[in-house]
1. List the number of the failed condition for W61; all other conditions in (1) touching a helix residue (DSSP H, G or I) at 6+ places or on another chain (Cβ under 8 Å); (2) away from ligand 2 (no atom under 16 Å from the Cβ); (3) closer than 29 Å to L193 by Cβ hold.
2. Which numbered condition trips up V74, out of (1) away from ligand 2 (no atom under 12 Å from the Cβ); (2) under 19 Å from the mean Cα position of the chain (by Cα); (3) β-branched (V, I, T)?
3. Being touching a Phe, Trp or Tyr at 6+ places or on another chain (Cβ under 8 Å), without any contact (Cβ under 8 Å) to a residue 40 or more places away in the chain and crowded, with 18+ Cβ neighbours inside 10 Å is the requirement here; does P50 meet it?
4. From the set of residues in segment 124-137 that are more than 21 Å from the chain's Cα centre (by Cα) and assigned to a strand (DSSP E or B), which is surrounded by the fewest Cβ atoms within 10 Å (Cβ to Cβ)?
5. Pick from I14, I95, I5: which is in contact (Cβ under 8 Å) with a residue 40 or more places away in the chain and either over 21 Å from V192 (Cα atoms) or touching a helix residue (DSSP H, G or I) at 6+ places or on another chain (Cβ under 9 Å) (or both)?
6. Filter segment 61-70 for residues that are surrounded by fewer than 19 Cβ atoms within 10 Å (Cβ to Cβ) and touching a strand residue (DSSP E or B) at 6+ places or on another chain (Cβ under 7 Å) and give the result.
7. Just give me the residues in segment 183-208 being hydrophobic (A, V, I, L, M, F, W, C) and surrounded by fewer than 16 Cβ atoms within 10 Å (Cβ to Cβ), in sequence order.
8. The conditions are (1) in contact with a Gly (Cβ under 6 Å, 6 or more places away or on another chain); (2) modelled with pLDDT under 90; (3) of a type in the set (A, V, I, L, M, F, W, C), and A176 fails exactly one of them. Which is it?
Amino acid sequence: MTTTIVECQCGARIRKSSRAAHLRTTRHATQLLAAAAEAYIARQDRTEHPVGRFDNAGRFWPDDSEWRGCCSGVREPSRSYPYSYMVHCRTMTHITRLYGVDEQVLRREVRKLRPPEHLGATQRVWFKRVAVVDGRFVSIFDGVTEYRLGKQLIQAVRTNHGGGFYVRDTAEGAAAAPVPDDSVLLDAPQVVLAVEVGGSYTRYDNGKVAFSRITPLYVALELELEAVTQLAA
Ligand SMILES: [Zn+2]
Ligand SMILES: [Zn+2]
């Protein structure tokens, strides 16, 4: 009799015939959760990438193995916004469905592996919400500071919101982040930019971090204004 050994999604190598029994074990549940947490962190760090392919226009399409029900709610990639699936497949929502684990439990596991106070030191790509004016990305707050893709901006970080570029650790967090009431471009169309950070930083209580250097990389989320208003409310 031959035994076929297969690798489970949790990383365990098991006999194919005993797969059903294995899926019911505590060991499987524990390892699957750890694997999901590691995948989430690695995808946020850009050391692991969603499984898929780029077409001639540079648009990313996930493979069948990557595809889950949540993906059907994502806007199809376009030439000007080629990474809609790429961005989505790095989110907590998608990883939860990819591994079939509970979202709250996964969040807790991620926090255990990577406490928030370590994020500033290791996470290189953060997210910033900006306004779009005449095709340019500008600061919602001052309406003047321009964020150009690939161009680094430098501003000294000071405590008490005195300086630096404010970012969030997830695109969803940046989309939902409140902006000051006296911001000049509250009503303009807005997007969330993925930015590479560097230099010094200051952490604020509400999950916001100010970095002294940021380089805008790409548009991570396009926000419908209605949705923005709802998030801010
Ligand atoms: Zn398993
Ligand atoms: Zn998905």
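1. (2)
2. Only one criterion is unmet by V74, namely (1).
3. Numbers: touching a Phe, Trp or Tyr at 6+ places or on another chain (Cβ under 8 Å): yes; without any contact (Cβ under 8 Å) to a residue 40 or more places away in the chain: no; crowded, with 18+ Cβ neighbours inside 10 Å: yes.
Judged against the criteria, P50 is not a match.
4. Of segment 124-137, the ones more than 21 Å from the chain's Cα centre (by Cα) are 133-136.
If we keep only those that are assigned to a strand (DSSP E or B) too, we end up with 133, 136.
Working: V133: 13, R136: 11.
Only one residue tops the list, namely R136.
5. Numbers: I14 fails: in contact (Cβ under 8 Å) with a residue 40 or more places away in the chain; I5 fails: in contact (Cβ under 8 Å) with a residue 40 or more places away in the chain.
It is I95.
6. Those that are surrounded by fewer than 19 Cβ atoms within 10 Å (Cβ to Cβ) and touching a strand residue (DSSP E or B) at 6+ places or on another chain (Cβ under 7 Å): W61, D63, E66.
7. Our first condition is that a residue be hydrophobic (A, V, I, L, M, F, W, C); within segment 183-208, this holds for 184-186, 188, 191-195, 197.
If the condition is that a residue be hydrophobic (A, V, I, L, M, F, W, C) and surrounded by fewer than 16 Cβ atoms within 10 Å (Cβ to Cβ), then V184 is the only one that fits.
8. Exception for A176: condition (1).
The values are calculated or read from the model by the stated rules, or taken from the named source; none is laboratory data. These numbers come from a predicted model, not from an experiment. Counting neighbours? That spans all protein chains shown, and the Cβs are built from the backbone with ideal geometry, glycine included.
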